[in-house]
Structures are given as C-alpha cells and as structure tokens.
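Below: one structure, written as structure tokens.
The values are calculated or read from the model by the stated rules, or taken from the named source; none is laboratory data. Note that the structure is predicted; figures quoted are calculated from it, not measured. All Cβ positions, even for glycine, are placed from backbone atoms using ideal geometry, and neighbour counts span all protein chains on display.
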Amino acid sequence: MSDKMTFVIGFHKTGTSIVSRLINSTGKFNAGKIDETICENPTMLTANDLILGHNGIKWYDLPLPNEFTVDGSMKNYLQGLKTIIGRAKINFFKDPRFCILLPVWRGFFDDNVQVVLTSRNPFDACRSLERIYDMRKDHACNLYEQYMLRLFRDLKGLPHATVQMEMLMSDPKNTFKPIANFLDIDMDEVNFNLVDEKRWRHRGEKYNGEYKKSPQPIAEKYRNGDMVWET
C-alpha cells in the first residue's frame, strides 16, 4: 500500500470517476467507504463542501477567494478527520473540488501527496455542466478556467501524472499504462472492463460556432479543442 496520499483531480466531468474506478479495481489503494455512483468518499466530499462553505461559496460559485482559510472549528474538524483517515489507513481520494482546495490538503498531509490529473476537451466538460446543472455556458467556461488556473498554480512541487479522457476511452490499456507506472500498479490487476466506451463516450464537437462568439477568455483560448495541458 502506498505511503503517499493519492488524489485524483480534474475539473467536473473530465473522467475523474472512471480513472478512480480503474485505480480502485487493483485493491492497492484504500479509499474507505465510497459512493459507487460518483466514486467519492462521502466524508471527504462533505469536508470539502464544509471548507468551501466556511469561505462563503459553493463549488460552482465565482469569483473564488484568493486563498481558502481554515481556522477555528473548521481547523479542529479537519484535524479530527486527519486522525480518522490515518487510523483507517485511507490513502486515496477523488473529488474535483481538490482543483481549488489542494493547498489546504497539501498542508494537512505535510506535502506527502501525489496527484493523478484527468483532462478532457474543455468545451465538452463545460457542456456537460450546462446540461446536467442547467449552468450558463459562459459561467461553465469561466469556472473551468478558474479551477484549472488554481490547480496549475498549486500543483507545483508535487509528483503527478496526467490521463486524457478521450484517449482513455479509445485505447484504455495504452493510455492508462503511464498512470499504472506512476502509481506502481500491475496492469494485470486493473479491471479494464470498467471502461464502457458507449457509456462514457464524449462527442468532442469543436465549438467553432456559438462558443467562438463568447466574450469569455476560456472560450476564445480553447475554441479549437486544444487541451489545457498543452498550453
């Protein structure tokens, strides 16, 4: 079992769930009791929502605070949670909120953290938010940009590896191999039957129409489907 805390991080609807399922299928990592629908530990999900609430926002709110503060009763709560995590020997969590809360958890785990990043065509991810949460296009694009800018800023110094969602769907084994090497996972232990291309298929349209006309920076910058990891 890894002695590092492993986070699967990516913007909402970029493949964090399927990547977490593949990692969990090996039995090498302990995520505790998880919600199988979203492959997240409800306790960590609650903790992240509480941190956001402590700073006066929800996961979909903008603008983001310059820094997220954890003090008073919130700090005591997280210290207690850290103790519980240590006793249960949990070493694996997934939550898109880590994109903006990574500094908090880096501090609590003394930088003993490694990260698996997921990526997907930004406009497909934003359109998923629009469809599922009835979110405005410009707000979804701005949210994506702010999440990713925070993540790139706060990831510095941490070991990490990246997996691209569309490639994972089309060629699971070859795409996941660098992640397996990074996490010291035996590829034979990974249940690739979990990758259902029909279920997870992403249309990948290039938003050369209405999104190109958007005044939002993210829409202009990535209108041709360029991946944020390559900028």
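Listing for the model above:
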| read-out | value |
| --- | --- |
| Residues of region 85-96 satisfying the condition of being assigned to a helix (DSSP H, G or I) and either in contact (Cβ under 8 Å) with a residue 24 or more places away in the chain or touching a Gly at 6+ places or on another chain (Cβ under 9 Å) (or both) | Ile85, Ala88 |
| Tally, over region 128-149, of residues that are in contact (Cβ under 8 Å) with a residue 24 or more places away in the chain and either of a type outside the set (A, V, I, L, M) or part of a helix (DSSP H, G or I) (or both) | 15 |
| Top-ranked residue in region 107-127 [being part of a helix (DSSP H, G or I) and either aliphatic (A, V, I, L, M) or out of contact with any Leu (no Cβ under 7 Å at 6 or more places or on another chain) (or both); ranked as nearest to Ile51 (Cα to Cα)] | Gly107 |
| Hits in region 99-113 (condition: in contact with a Lys or Arg (Cβ under 8 Å, 6 or more places away or on another chain) and farther than 18 Å from Ile84 by Cβ) | Cys99, Ile100, Leu102 |
| The lone exception for Asn66 - which of (1) farther than 19 Å from Tyr133 by Cα; (2) of a type outside the set (A, V, I, L, M, F, W, C); (3) part of a loop (DSSP other than H, G, I, E, B); (4) in contact with a helix residue (DSSP H, G or I) (Cβ under 8 Å, 6 or more places away or on another chain) it fails | (4) |
| Filter result for Ser73 (in contact (Cβ under 8 Å) with a residue 60 or more places away in the chain and among the hydroxyl-bearing types (Ser, Thr, Tyr)) | no |
| Selection count, region 1-24, where residues are under 14 Å from the mean Cα position of the chain (by Cα), in a strand (DSSP E or B) and of a type in the set (A, V, I, L, M) | 2 |
| Test result for Ile84, touching a strand residue (DSSP E or B) at 6+ places or on another chain (Cβ under 9 Å), closer than 15 Å to Ala31 by Cβ, at pLDDT below 95 and surrounded by fewer than 21 Cβ atoms within 10 Å (Cβ to Cβ) | no |
| Qualifying residues in region 134-156 (those that are among the basic types (Lys, Arg) and surrounded by fewer than 17 Cβ atoms within 10 Å (Cβ to Cβ)) - the one farthest from Asp124 (Cα to Cα) | Lys156 |
